Structures are given as structure tokens and as C-alpha cells.
1. Let me check I've understood the local charge: for Lys59, count other residues with C-beta under 12 angstrom from its C-beta, Lys and Arg +1, Asp and Glu -1. What total comes out?
2. Go through Lys48/Lys109; Lys71/Lys127; Lys48/Lys71; Lys71/Lys109; Lys71/Lys126 and tell me which ones have a Cα-Cα distance over 23 Å in this structure.
Amino acid sequence: MAWDEWEQLKAGALERQQSSGMQLNSLDLGTDPEGRQVTMPGAYGVLKVSQKDLAAIGKSAHTLFNDLYDKARVAGPSSDSAAKDLTEQGFALGAGLQHVSTRWTAQLKSLMDACAHISNHMHVTKKLHADDDDYIARVVSGIAVLDAGFDERVGKPGAPNPVYGEAKKKE
């Protein structure tokens with residue numbers, strides 16, 4: 001590709017990028033100091049997931065792991081011995097079969113590791129968020145008591161806050 005052609009393609013891409021077009025999932029709030037577009041923080045909604053959802057994902061990953069272990073291990077000693085026999089008999093197919101067997105085993109192990117990781121992560125996430133929920137409930141219940149003491153709207157304007165009780169008289 002000639003240099004001039006490359007420069008033309010870059011200029012065309014920049015021109016298309018700067019033209020007014022439809023923007024999805026964003027509101028133009030300008031750019032940050034690094035020049036990236038800024039969008040509203042809540043523009044993408046709130047992710048909500050229940051413990052039931054996490055458990056279902058973890059269970060599915062565990063089931064997939066077991067199914068892969070039981071049903072996908074077709075390559076192995078039988079394939080390796082067949083590949084060796086074919087190679088010893090002078091067939092080029094033996095090397096190809098050995099390559100496929102090795103790659104299949106490596107990819108299967110990688111996939112099983114990913115399933116195990118997902119399953120384990122869902123169990124940890126479920127426990128971690130349950131602990132977080134308990135902590136938040138304890139903190140929020142303490143804030144409600146404090147809020148009643150500091151909130152000036154508890155009583156009539158100018159009247160003493162009834163949370164503090166009756167004022168003691170000086171003698």
C-alpha cells in the first residue's frame with residue numbers, strides 16, 4: 001500500500017468519526033483531560049443479580065466440567081497408540097493424528113480449567129456478597145439511630161429535639 005493511500009484512508013476515517021451521527025448509550029458531556037468522551041455515570045443502568053442466579057451459573061459450570069471430563073476425553077492412550085502404530089508403519093497420518101490428539105487434550109484441559117474457575121468464583125462471590133449484605137444491613141441500622149438524633153426535622157422548628165429527652169433544670 002502506498003503511503004499516500006494510507007494517509008487518505010486515515011483522513012477518511014477521521015472525517016467519518018467527526019461527522020454527526022447517531023450515538024447509542026451515551027450523552028455528550030464533553031471530554032475528560034485525556035480526551036475520552038464522558039458519559040453519565042448511571043447511563044448504563046444497574047446490574048442486579050440474586051444469589052439464586054449465581055448458584056445456577058456455578059451449578060451449570062460444574063455440570064459442564066463433569067460432562068467434559070466424562071464425555072470429551074476421546075483423545076488419550078488409544079489415540080496416542082494408534083498414532084504411534086501408524087507412524088511406525090510409515091503412514092504420515094500418524095503424525096497428524098498425534099498432533100490432533102495433543103491439541104485436543106490441551107484445549108480440553110483449558111476449557112475444563114475455565115469451567116472450574118467459573119464454578120469456584122460463583123461460590124466465592126455468593127459467600128462474599130452475603131457477607132457484604134449483612135455488613136451493610138448492620139451499618140444502615142446504626143445510621144437510622146444516629147439520624148434520628150441529628151435530624152432537626154424530628155420536632156417543630158425551634159423546639160428541642162425529643163430524642164434527647166427533657167432538659168434538666170439547673171439548681
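1. With Lys, Arg at +1 and Asp, Glu at -1, the net is +1.
2. Values: Lys48/Lys109 32 Å; Lys71/Lys127 31 Å; Lys48/Lys71 35 Å; Lys71/Lys109 13 Å; Lys71/Lys126 29 Å.
Pairs exceeding the cut-off: Lys48/Lys109; Lys71/Lys127; Lys48/Lys71; Lys71/Lys126.
Read-outs: derived from the displayed coordinates by stated rules, not from any lab. This one's a predicted model, so the numbers in the text were calculated from it and none came from an experiment. So basically every Cβ, Gly included, is an ideal-geometry build from the backbone, and we count neighbours across all protein chains shown.
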